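First up is the structure itself, then whatever we jot down about it.
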Amino acid sequence: MKAQLIETRELAPDVRHFVFAAPEMEALAYQPGQFVSFSAPVNGRKVTRAYSLASAPAGNRFELCLNRVNEGLFSPYLFDLAPGAEVEMRGPLGYFVPKTPFGDSVFVATGTGIAPFRSFLESPAVAESGAAITLLMGARHEAGLLYRDEFEALAARRPGFRYLPTLTRPPEGWTGRTGRVQAHLDEALGGRRGVDVYICGLKAMVDDVRAMLKAQGFEKAQVIFEKYD
């Protein structure tokens, strides 16, 4: 099918929020956390890339959170698209989705790995579950705390939701958490072992957190992950 670009907005340097529609469909059915695959001819050959959905199902529209990789093949192409442009799409696909029923959980994300968790938190099955949820989000710089305003607002109005941001390169005057997300995993867990932990980001972070959870006695079924490289 085709995906048509509706609009974009900048989230941080070289990071953009995209709104697309699937004009051939009245409604695009998917589970929170799934991804779509885009394909297009770039530099004379067809290139395909997968991107996690950053929104819950809502008619035929969907949202993505994309990082521009200047030396990459596909992200510069997408960043140059104008509203109204179309791109070939497959999906939605994937298994990085919330469990049913959804229970108390910790989400661990870095960079654009936040996208599926935004999708989770917008979905009624998660938002209305009453589950205790902790979102541990890591970035290099303060500007990289993507959707920060949304998560802070959610923490203020939803009982049981905690937002724990951390920076590896904090600015002068930053009084929040510092260092990698791994350093704050114990705080996010709060001594609990009966929670599910969802992890999304680059391979090194995902593997580190998985190893830490295994050492603490977490079962494989409690650890759900997706790697971005």
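None of the figures in this text is laboratory data; all of them are computed from the coordinates on show. Just so it is clear, the model here is predicted, and its values are computed rather than measured. FYI the Cβ positions are ideal-geometry reconstructions off the backbone, even for glycines, and counts take in every protein chain you see.
The figures follow:
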| quantity | calculated |
| --- | --- |
| Proximal lysines to residue 99, defined as alpha-carbon separation beneath 19 angstrom and excluding residues fewer than eight positions away on the same chain | 220, 227 |
| Partners for residue 2 among lysines (Cα-Cα distance below 25 Å; same-chain residues under 8 apart left out) | 46 |
| Mean Cβ neighbour count within 10 Å, used as a protection proxy, ranking 185-192, 161-168, 33-40, 110-117 highest first | 110-117, 33-40, 161-168, 185-192 |
| Helical mean residue ellipticity (222 nm; -39500 (n - 2.57) per DSSP H run of 4+; nearest 500) of the chain | -5000 deg cm²/dmol |
| Counting DSSP beta bridges with both ends in the chain, the antiparallel % (nearest 5) | 55 percent |
| Dipole moment magnitude, nearest 20 debye, segment 15-129 about Cα centre, only Lys, Arg, Asp, Glu C-beta charged | 320 debye |
| Sorted peptide list for 218-229, 17-28, criterion being average Cβ within 10 angstrom, highest first | 17-28, 218-229 |
| Cβ-based charge dipole, segment 1-153, positive-most Cα from 54, 93, 13 | 93 |
